[in-house]
1. Tell me which residues, restricted to region 125-156, are out of contact with any Leu (no Cβ under 7 Å at 6 or more places or on another chain) and aliphatic (A, V, I, L, M).
2. Keeping to region 76-112, report how many residues are within 24 Å of Glu54 (Cα to Cα) and part of a loop (DSSP other than H, G, I, E, B).
3. Could you list, in sequence order, all residues of region 129-175 that are in contact with a Phe, Trp or Tyr (Cβ under 9 Å, 6 or more places away or on another chain), in a loop (DSSP other than H, G, I, E, B) and either among the charged types (D, E, K, R) or open to solvent by 30 Å² or more (accessible area, probe 1.4 Å) (or both)?
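The values are calculated or read from the model by the stated rules, or taken from the named source; none is laboratory data. Just so it is clear, the model here is predicted, and its values are computed rather than measured. Backbone-built Cβ (ideal geometry, glycine too); neighbour counts: all protein chains shown. Please note that ligands, DNA and RNA were not included when accessible areas were found on the heavy atoms of the full protein model with its side chains. Shrake-Rupley method; radii C 1.70, N 1.55, O 1.52, S 1.80 Å.
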Amino acid sequence: SAPGWLLRIAARFASALAPSAPPNPDCESRRGSYVGAVSQGAPRHLSKLERARERFDADPEARTLDLSRCQLVEVPLWALERQLTTLTLRDNALRRLPEMLTLMTWLRALDLSHNPLDTLPPDLRELQALEELHLDHARLRSLPAWLAELPDLEVITIEGMDALEVPEALQHLVW
């Protein structure tokens, strides 16, 4: 169960997290959405997202979460409930990031590779503990200069983005 403060914040930002597209059927089970399937008992064939949710719920001490290849068009709220240090969202259909992601100030590694992101929201500068940012094969045209303001950022991966403009202040971080 999420702490009360998080539920209040989630309610406050609920409108900002409204889906930009209808739910993707690849992340639903035959018995309904991942929320319904998990709460009604496990169906025989769980989607990758449902299995990730079950593992996440079963281990309240987990500090890493891998939601790669779930065809996500938005990040599920339950994925933002904990003090994660590593969040892997690679190989999805994310075009934008939720505002609540900026509340994960303890996050050290964020993998957004292989998503159709064309911009990084400036609010990500709130992720002051971020050490690794993986953006391989995203649709960014340039890296925002404010990334240099992140004090612990050590690595930015940008494989497959040859035409990407990289500010001088970030040259030493890019791989």
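1. Ala145, the sole residue that qualifies.
2. Here the count works out to 19.
3. The answer is Glu159, and nothing else.
A quick yes/no check of all residues on (1) at pLDDT below 50; (2) within 14 Å of the chain's Cα centre (by Cα); (3) open to solvent by less than 70 Å² (accessible area, probe 1.4 Å):
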site: Arg31; (1), (2), (3): yes, no, no
site: Gln40; (1), (2), (3): yes, no, no
site: His45; (1), (2), (3): no, no, no
site: Arg51; (1), (2), (3): no, no, no
site: Ala58; (1), (2), (3): no, no, no
site: Leu67; (1), (2), (3): no, yes, yes
site: Cys70; (1), (2), (3): no, yes, yes
site: Val75; (1), (2), (3): no, yes, yes
site: Thr86; (1), (2), (3): no, yes, yes
